[in-house]
Amino acid sequence: MQQGDVQLQQTDNGGEIDIVGGVVTMSGGLETAAYLSLFGGNEDDAGNSDSPYRWWADLAETDPAEQYRSETQHLLQAIAATSGNLRKIEDAAVRDLQWMLASSIASSVIVVASIPAVNRVKITVTIEAIGEESRFEFVENWKAATS
């Protein structure tokens with residue numbers, strides 16, 4: 001019997017699953033939840049309450065902790081790929097992960113964004129939960145044009 005969440009592997013064009021010996025790789029940590037919080041949902045959704053581009057499954061979900069708004073994903077296609085915008089990406093990622101704090105899943109969430117290559121962003125997420133620290137790195141295409 002498999003336990004945990006399906007482990008999503010970061011790729012240049014979104015999340016992929018890994019299948020080994022006909023069995024999907026699973027994860028017992030918070031990496032999949034963090035990935036879906038940052039990159040799940042509709043990338044056209046700006047994350048605010050009046051956005052007409054919300055992910056279809058969020059329309060029936062009343063608990064904000066269960067909705068995928070992914071402001072981070074939206075900003076990566078909406079604002080220029082400059083070092084000056086890294087703080088906006090970090091702030092959006094913290095908001096996308098806020099549900100972990102509100103639900104008492106985590107006691108702290110720290111996000112650091114950097115530009116490792118042209119039109120790429122690395123988002124490092126450090127989550128402390130039950131006294132244990134986990135660190136995840138997501139490298140994603142920054143789809144907005146540099147201006």
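For segment 68-147, the list of trypsin sites (Lys or Arg not before Pro) that fall in a loop by DSSP and count at most 16 other C-beta atoms within 10 angstrom reads 143.
Exposure proxy ranking for 32, 82, based on other Cβ atoms within 10 angstrom of each Cβ and starting from the fewest, stands as 82, 32.
Throughout, read-outs are computed from the coordinates displayed, never taken from laboratory work. Here the structure is a predicted model, which means the values were calculated and not measured. Neighbour counts are summed over all protein chains in view; Cβ atoms, including those assigned to glycine, are modelled from backbone coordinates with ideal geometry.
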